[in-house]
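Worksheet: one structure, shown below.
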Amino acid sequence: MEQDSTGESSGNLPELGPVDDLAVLEERRELAESYTDDDRYDEAARLYEANVRDVERLYGPDHDETLLAREDLAAVHSMADHYDEAIAQYEALVRDCTRIRGADDDRTLNTRQYLASVYRWAERYGEAIVLFEALLRDCEHLRGADDAKTLRARKSLAEVYTAVKCYEEAGRLCAANLRSLDATLTLDDLENLSAQKDLGWILSRACQFDAAVALYEKLLPSYQRTLGPDHDTTQQVRKSLEHNRSMARSAPPSMRDDVSDAPREEVSTVAGDAAIVVRYADGTVSTAVPRAAADPADSAIVRELVTIGTTRRFLRTIETRRFLGFGARERSIAADERTVEIGRLLNEQGGLESMRAVHAAVASRVRHIPGVARELEVSWNGIGKWQG
């Protein structure tokens with residue numbers, strides 16, 4: 001019997017050529033979903049690509065069915081770790097959804113969430129932070145601080161901040177979610193409990209073990225009442241409580257420093273029409289060309305940082321030997337060692353003012369690569385008064 005490119009009998013598969021029968025399109029989509037469930041992503045992608053072509057031909061490029069078919073294709077590429085393809089498709093979808101449905105439409109906001117998430121999965125953390133920050137601002141403006149999409153964007157941004165060890169920022173975001181949930185949900189509501197568990201995890205990662213213990217001690221009885229003492233999640237909370245109790249007893253003082261006591265300043269980078277403008281929490285502003293240097297292009301430090309940012313990047317992923325299950329391996333994020341060394345040198349020589357000046361100069365030269373300037377901010381997190 002004749003076989004098609006998937007290796008299965010063509011008599012058992014929907015046709016991949018042009019079709020007008022909606023039943024065949026749905027059959028093809030269901031088969032693609034089945035392939036996706038079986039981790040056969042390349043075969044699923046071929047079916048979804050065929051559906052995109054046919055649905056767009058039948059309904060037109062701006063129809064909801066066409067947007068949905070394109071979303072299916074982008075999703076399967078992201079699951080297959082084909083991040084470049086997924087990012088390109090989601091970026092196009094964001095533009096089209098915004099144009100067709102408007103900036104405040106559910107599908108537009110969802111697609112922006114998916115795009116930022118793919119950047120995160122691709123370990124392009126600077127770009128992920130920039131996108132999640134913009135999404136959170138827009139969700140708060142369009143939907144309000146307590147809307148479900150706002151909560152999701154806030155949680156996602158907290159997860160990226162945690163990945164790059166910006167625990168204070170992550171903790172503030174989780175605390176904001178808790179305030180929103182406390183206003184609308186009971187303490188034993190699963191969504192509220194999940195938000196508290198997220199905060200406990202961040203406190204533990206930040207080595208604030210006593211605070212994590214206090215939170216988990218309140219959480220455990222709630223999970224026991226809600227899910228039962230033997231539920232997987234209840235047992236995870238119990239193990240987290242035991243772990244943090246052990247660390248609170250045995251961790252050396254150097255691991256238990258409360259980093260939140262350090263006087264720091266918040267920094268955000270905004271792309272302007274002609275230059276990068278860095279705005280600080282105290283109201284001051286640094287332009288792309290700092291006053292600290294007559295010609296930043298002549299600065300060896302600026303040139304070196306630009307080279308790092310455009311080649312190996314300021315943040316990198318370290319894979320450990322610990323497995324988390326389902327084939328996943330634990331990973332952590334580390335700042336480039338030379339970048340951190342330069343930050344410390346600048347802090348010693350001129351403090352926060354020197355760091356701001358060099359950051360602004362570097363940002364103006366890497367603005368063609370989204371997220372790189374933000375990565376530099378994160379890399380210097382905790383040096384002197386700098387907070388990325």
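Per-structure values
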| quantity | calculated |
| --- | --- |
| Subset tally (residues that are closer than 29 Å to K385 by Cβ and part of a helix (DSSP H, G or I)) for the range 136-162 | 13 |
| Condition met for D104 (more than 26 Å from V372 (Cα to Cα), touching a Leu at 6+ places or on another chain (Cβ under 8 Å) and surrounded by fewer than 16 Cβ atoms within 10 Å (Cβ to Cβ)) | yes |
| Lone qualifier among T111, T162 - being under 15 Å from the mean Cα position of the chain (by Cα) and within 30 Å of R238 (Cα to Cα) | T162 |
| Scope the range 194-228; condition touching a residue at least 24 places away in the same chain (Cβ under 8 Å) and not in a helix (DSSP H, G or I); matching residues | A206, C207, Q208 |
| Test: residue in the range 249-261 that is at pLDDT below 90, part of a helix (DSSP H, G or I) and under 25 Å from the mean Cα position of the chain (by Cα) | yes |
| Test: L181 is of a type in the set (A, V, I, L, M, F, W, C), in contact with a Lys or Arg (Cβ under 9 Å, 6 or more places away or on another chain) and assigned to a helix (DSSP H, G or I) | no |
| Subset of the range 152-162 [buried (at least 21 other Cβ atoms within 10 Å of the Cβ), farther than 15 Å from L315 by Cβ and touching a residue at least 40 places away in the same chain (Cβ under 8 Å)] | A153, A158 |
| Checklist (1) crowded, with 16+ Cβ neighbours inside 10 Å; (2) part of a helix (DSSP H, G or I) applied to E191, failing item | (1) |
| Looking only at the range 41-76, and only at residues there that are touching a Ser or Thr at 6+ places or on another chain (Cβ under 6 Å) and charged (D, E, K, R), the one that is farthest from R101 (Cα to Cα) | E43 |
| Odd one out for K165, checked against (1) crowded, with 18+ Cβ neighbours inside 10 Å; (2) modelled with pLDDT of 85 or more; (3) of a type outside the set (S, T, N, Q); (4) outside any helix (DSSP H, G or I) | (2) |
| In the range 116-130, the residues that are surrounded by 23 or more Cβ atoms within 10 Å (Cβ to Cβ) and without any contact (Cβ under 8 Å) to a residue 60 or more places away in the chain | A116, V118 |
| Yes/no for R205 being touching a Phe, Trp or Tyr at 6+ places or on another chain (Cβ under 8 Å), surrounded by fewer than 19 Cβ atoms within 10 Å (Cβ to Cβ) and of a type in the set (K, R) | yes |
| Criterion (closer than 24 Å to R316 by Cβ and either part of a helix (DSSP H, G or I) or charged (D, E, K, R) (or both)) met by exactly one of E133, E65 | E133 |
| Filter result for the condition that a residue is surrounded by 15 or more Cβ atoms within 10 Å (Cβ to Cβ) and among the basic types (K, R), over R179, R95, R137, R112 | R112 |
| Number of the exception - D20 against (1) under 25 Å from the mean Cα position of the chain (by Cα); (2) of a type in the set (D, E, K, R); (3) not in a helix (DSSP H, G or I) | (1) |
| Scope the range 372-388; condition assigned to a loop (DSSP other than H, G, I, E, B), at pLDDT 80 or above and either more than 17 Å from G351 (Cβ to Cβ) or not aliphatic (A, V, I, L, M) (or both); matching residues | W380, N381, G382, G384, K385 |
| Residues (modelled with pLDDT of 85 or more and in contact with a Gly (Cβ under 7 Å, 6 or more places away or on another chain)) located in the range 353-371 | M355, V362 |
| Unique residue being more than 25 Å from D106 (Cβ to Cβ), of a type outside the set (D, E, K, R) and either touching a strand residue (DSSP E or B) at 6+ places or on another chain (Cβ under 6 Å) or surrounded by 15 or more Cβ atoms within 10 Å (Cβ to Cβ) (or both) when the list is L47, L67, L58, L73 | L47 |
| Filtered residues of the range 229-246 (kept if assigned to a loop (DSSP other than H, G, I, E, B) and farther than 18 Å from D189 by Cβ) | P229, D230 |
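The values are calculated or read from the model by the stated rules, or taken from the named source; none is laboratory data. Only a predicted model underlies this, so the values are computations on that prediction, with no experimental measurement involved. Cβ sites come from the backbone with ideal geometry, for glycine too, and all protein chains shown count toward neighbours.
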